[in-house]
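Notes for the one structure printed next.
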Amino acid sequence: MAGGIFSPLGSYSELEKANCHPLVCLLCHEPYQHPCLLDCYHNFCASCLRGRASDGRLRCPLCGHPSVVRGGTGLPPVDRLLQFLVDSSADSEEDVQCANCDRCCTKAELDTMYFCNTCGQPLCAPCREETHRARMFARHEIVSLSKRTKDIHKKCPLHEEPYIMFSTEKKSMLCINCFRDMQGESRAHCIDIETAYMQGCQRLDQAVMAVKELQTSTREAIVLLKAMIEEVRNSASEEEAAINSLFSCMQEQLSERKKTLLKAVQSQHEEKEKAFKEQLAHLASLLPTLQVHLVTCSAFLSSANKAEFLDLGYQLMERLQRIVKLPHRLRPAQTSKINSEYRAEFARCLEPLLMLSPRRSVVGSAGGIGPGITGTNMLPGGQCSKTLMVPSCPPTSDKMSTGPMVKKPTMHRYISTKVLLAEGRETPFAEHCRNYENTYRMLQMEIQGLKDQVQELHRDLTKHHSLIKSEIMSEILQKSLQMDVQIAAHYSAVEMMRSVFEEVWEETYQRVANEQEIYEAQLHDLLQLRQENSCLSTITKQIAPYVRSIAKVKERLEPR
C-alpha cells in the first residue's frame, strides 16, 4: 500500500532482502512510477510521497532524514537516472520483432538480437548476417539490442542536430550548433563523444570502487555491531546471574550473622539485667538499715543526758562510721549500653564476598579481554585491578608447534581488535594491532589462493579424472613452503614484541598498585585525623565544667 509505514528491519538478512531489487519501491512494493530522490538518497514513488511534506520539508519514511522540497508540488525532484533504468527495464520486457523477417523473439533470445542505430530497427542474428553484410550497409552502426541508442539521446532537442561533442564543464552533450554558440574559453572543455565516454567509464569505475569499499566497511560494521549486541546480551545475562548469586550469598551470610548478633544482644541483656538486679537488691536492703540508724541517732540525741551520751554516744558513732565504710556499690559496675558492633560484624561477614575476586570477562565466552589482561582484572567501571596477569614466555625451541594454541577464535580476535582500534587511543599495542591486521590479511589471502588451487586440482583429479602436471604440484608445494617461512617470520616478529608489551603491562600494574596504596593511605590518614578529633572533643567536654567553675570562683574573688 502506497504511503505505508516501515517496520524496523531486525536482522542483516532482512536488510539484504529489503534492497534486493533496485527498481521496486520500498513503500508500495511495486515498480517505480516517477521515482523521486530524497536528500538521503532514498528513492520512492511520487504517489507514495505525495501529501507527506510539511513546512517545506519531507521526512524520509525509511531513515527519518528531512529533505527540503521546493515548488508547489511538495515533492522532491524526479530521479532521472532511476527513471532511465525503469524505462530501460520496461523496454527490455517488451516483445521484439525483427524489422526484416518479422520474427518475434522470446525473452531468452533477446541477447542474440541486434539493433541498427542508423536504420532505427531491430535485427535478428540471421538477418544481420544476410542483409547488413552488404556494402551499402557498411557505415551502419549495429549494436546489441541492449545498447541501442534512443532518438531522444541521438539529436539535440534545440537544433535537431546529432550530438558530436561533450562539455566537461557543463556535463552536457553538444551538437555542432551548440558548439558554435559557445564562447571560446568554454570550447576548451569540449571533447568528442567517444573520449568523453571512455573518461566517464573510468571515473564511474573509481566511484564504484569507493562505494564497494564503503559497502564492505558497512557490512563489517554490521557484523561487528551484531556481535557486540550479542556480547552485551551475554554479558548482561552473566552480570545478572552474578548479582543474583552474590545477593543470595549475602543474604545467607547476613541472616546467619544476624542470628549470632541477636543471640549476643540477648546474652548481654540478660547479663547486665542480672547484675543490675543484684546491685538493686543490695541497695534496697541497705536503705532500711540506714533509715533505722538515722532514727536511732535522732531518738538517742533527744532522750539521752550528758552522762548517757558520753557512755553510749561513742559506740553509736563507731557503728555509723563502720556502716559508712562498708563497701557499698552505689555506682553501676557497667554501662547500660548494649554494643554488638553490628555494623563491623556485618561488614566483616560481607568482606570475603566483596573482595576483588576473579570475575568473568565482559567481552564474551572466550575469557580474555586483551593480551595479558584477563577477565580477572576488570572492575565494574572497566578499570584494571591489582592482578595484572602477564603471560609467560613459551619455550624458545619450536614455539609454533609446542606453544599454546590460540585461545580466541579468529573472528572474536578480529572483533576485539576492531573495538580496541575504534577507541582511538594511540598506544604501542594499538599500532601493533593495526600492523598485525594488515600483515595477517595479506597472509590469509595468499593461503586462501593456495587452498583454492589445491581444491581445483583435487576436483579435476577425482571428478574429471584429468591428468595434472607434476610441475604444478611442485609449484604449489614451493609456495606453501615459502608461506610457512613467512608465517614463521611473522610469528617470531610478534613474539619479539612480548618483552616490550610485558614491560608496559608491568609499568601499568605498578602504577595501579601505587595508586591503590596511596588511596588506602589517604583513607587511613583521614580516619586517624577523625579519631584524634574525637578524642579532643571528649577531653574538651570533660574539662569544660571545671573551667567554668574556676572562672566563676575567680570572678567572685577578683571582681572587675
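The values are calculated or read from the model by the stated rules, or taken from the named source; none is laboratory data. All of these numbers come straight from a predicted model, not from anything done at the bench. A quick note on method: Cβ atoms are made from the backbone with ideal geometry, for glycine too, and the neighbour counts reach across all protein chains shown. SASA here: full protein model, heavy atoms, side chains in, ligands and nucleic acids out. Shrake-Rupley method; radii C 1.70, N 1.55, O 1.52, S 1.80 Å.
Tell me, yes or no, whether the range 222-238 has at least one residue that is of a type in the set (Gly, Ala, Ser), exposed (fewer than 12 other Cβ atoms within 10 Å of the Cβ) and out of contact with any helix residue (DSSP H, G or I) (no Cβ under 9 Å at 6 or more places or on another chain). Don't jump to the end; show me each part of the working.
From the range 222-238, those of a type in the set (Gly, Ala, Ser) are 227, 235-237; that's our starting set.
In the following step, the residues that additionally are exposed (fewer than 12 other Cβ atoms within 10 Å of the Cβ) were identified as 236-237.
Now drop any that are not out of contact with any helix residue (DSSP H, G or I) (no Cβ under 9 Å at 6 or more places or on another chain), which leaves 236-237.
Within the range 222-238, one or more residues are of a type in the set (Gly, Ala, Ser), exposed (fewer than 12 other Cβ atoms within 10 Å of the Cβ) and out of contact with any helix residue (DSSP H, G or I) (no Cβ under 9 Å at 6 or more places or on another chain).
Go through the range 180-220 and count every residue that is open to solvent by 100 Å² or more (accessible area, probe 1.4 Å) and outside any helix (DSSP H, G or I).
Residues that pass the stated criteria total 1.
Would you confirm whether or not the range 518-531 contains a residue that is of a type in the set (A, V, I, L, M, F, W, C), within 30 Å of residue 429 (Cα to Cα) and either assigned to a helix (DSSP H, G or I) or at pLDDT 80 or above (or both)?
Yes; the residues of the range 518-531 include at least one that is of a type in the set (A, V, I, L, M, F, W, C), within 30 Å of residue 429 (Cα to Cα) and either assigned to a helix (DSSP H, G or I) or at pLDDT 80 or above (or both).
What about residue 475, is it open to solvent by 80 Å² or more (accessible area, probe 1.4 Å), over 30 Å from residue 459 (Cβ atoms) and charged (D, E, K, R)?
no
For the range 516-535, does any single residue satisfy the condition of being touching a residue at least 12 places away in the same chain (Cβ under 8 Å) and either touching a helix residue (DSSP H, G or I) at 6+ places or on another chain (Cβ under 8 Å) or not hydroxyl-bearing (Ser, Thr, Tyr) (or both)? Steps first, answer last, please.
Taking the range 516-535 as the starting set, the residues that turn out to be touching a residue at least 12 places away in the same chain (Cβ under 8 Å) are 516.
Still in the list and also either touching a helix residue (DSSP H, G or I) at 6+ places or on another chain (Cβ under 8 Å) or not hydroxyl-bearing (Ser, Thr, Tyr) (or both): 516.
Among the residues of the range 516-535, at least one is touching a residue at least 12 places away in the same chain (Cβ under 8 Å) and either touching a helix residue (DSSP H, G or I) at 6+ places or on another chain (Cβ under 8 Å) or not hydroxyl-bearing (Ser, Thr, Tyr) (or both), which makes the answer yes.
Give the residue that is most open to solvent (accessible area, probe 1.4 Å), with candidates limited to residues of the range 285-300 that are over 15 Å from residue 326 (Cβ atoms) and in contact (Cβ under 8 Å) with a residue 12 or more places away in the chain.
Among those that are over 15 Å from residue 326 (Cβ atoms) and in contact (Cβ under 8 Å) with a residue 12 or more places away in the chain, it is 296.
Test residue 266 against the stated conditions and say whether it is under 30 Å from residue 417 (Cα atoms) and either open to solvent by 90 Å² or more (accessible area, probe 1.4 Å) or part of a helix (DSSP H, G or I) (or both).
No: the conditions fail for residue 266.
Out of the range 48-89, which residues are assigned to a loop (DSSP other than H, G, I, E, B), open to solvent by less than 60 Å² (accessible area, probe 1.4 Å) and touching a Phe, Trp or Tyr at 6+ places or on another chain (Cβ under 8 Å)?
Once the filter is applied, which keeps residues that are assigned to a loop (DSSP other than H, G, I, E, B), open to solvent by less than 60 Å² (accessible area, probe 1.4 Å) and touching a Phe, Trp or Tyr at 6+ places or on another chain (Cβ under 8 Å), the range 48-89 yields only 61.
What do you reckon, is residue 272 closer than 30 Å to residue 354 by Cα, out of contact with any helix residue (DSSP H, G or I) (no Cβ under 8 Å at 6 or more places or on another chain) and surrounded by 10 or more Cβ atoms within 10 Å (Cβ to Cβ)?
no
Consider the range 137-179. How many of its residues are among the charged types (D, E, K, R), in a loop (DSSP other than H, G, I, E, B) and at pLDDT below 80?
Looking only at that region, the number is 6.
Would you confirm whether any residue within the range 321-341 is modelled with pLDDT of 50 or more and surrounded by 15 or more Cβ atoms within 10 Å (Cβ to Cβ)? Full working, then the answer.
Of the residues in the range 321-341, the ones modelled with pLDDT of 50 or more are 321-341.
Filter once more, so that each one left must be surrounded by 15 or more Cβ atoms within 10 Å (Cβ to Cβ): 340.
So far as the range 321-341 goes, yes, one or more of its residues are modelled with pLDDT of 50 or more and surrounded by 15 or more Cβ atoms within 10 Å (Cβ to Cβ).
Run down 101, 127 and say which single residue is assigned to a helix (DSSP H, G or I), open to solvent by less than 70 Å² (accessible area, probe 1.4 Å), touching a Cys at 6+ places or on another chain (Cβ under 8 Å) and modelled with pLDDT under 80. Spell out the reasoning first.
On the way: 101 fails: assigned to a helix (DSSP H, G or I).
Result: 127 is the single residue among 101, 127 that is assigned to a helix (DSSP H, G or I), open to solvent by less than 70 Å² (accessible area, probe 1.4 Å), touching a Cys at 6+ places or on another chain (Cβ under 8 Å) and modelled with pLDDT under 80.
Among all residue pairs at least 6 apart or on different chains, which show Cβ distances below 6 Å where the first residue, located in the range 318-342, is within 30 Å of residue 262 (Cβ to Cβ) and the second is in a loop (DSSP other than H, G, I, E, B) and open to solvent by 90 Å² or more (accessible area, probe 1.4 Å)?
Qualifying pairs under 6 Å: none.
Has the range 549-556 got at least one residue that is in a helix (DSSP H, G or I) and touching a Phe, Trp or Tyr at 6+ places or on another chain (Cβ under 8 Å)? Outline the logic, then answer.
Applying the first criterion (in a helix (DSSP H, G or I)) to the range 549-556 yields 549-556.
Imposing the further condition that a residue be touching a Phe, Trp or Tyr at 6+ places or on another chain (Cβ under 8 Å) reduces the set to none.
The answer is no; no qualifying residue exists.
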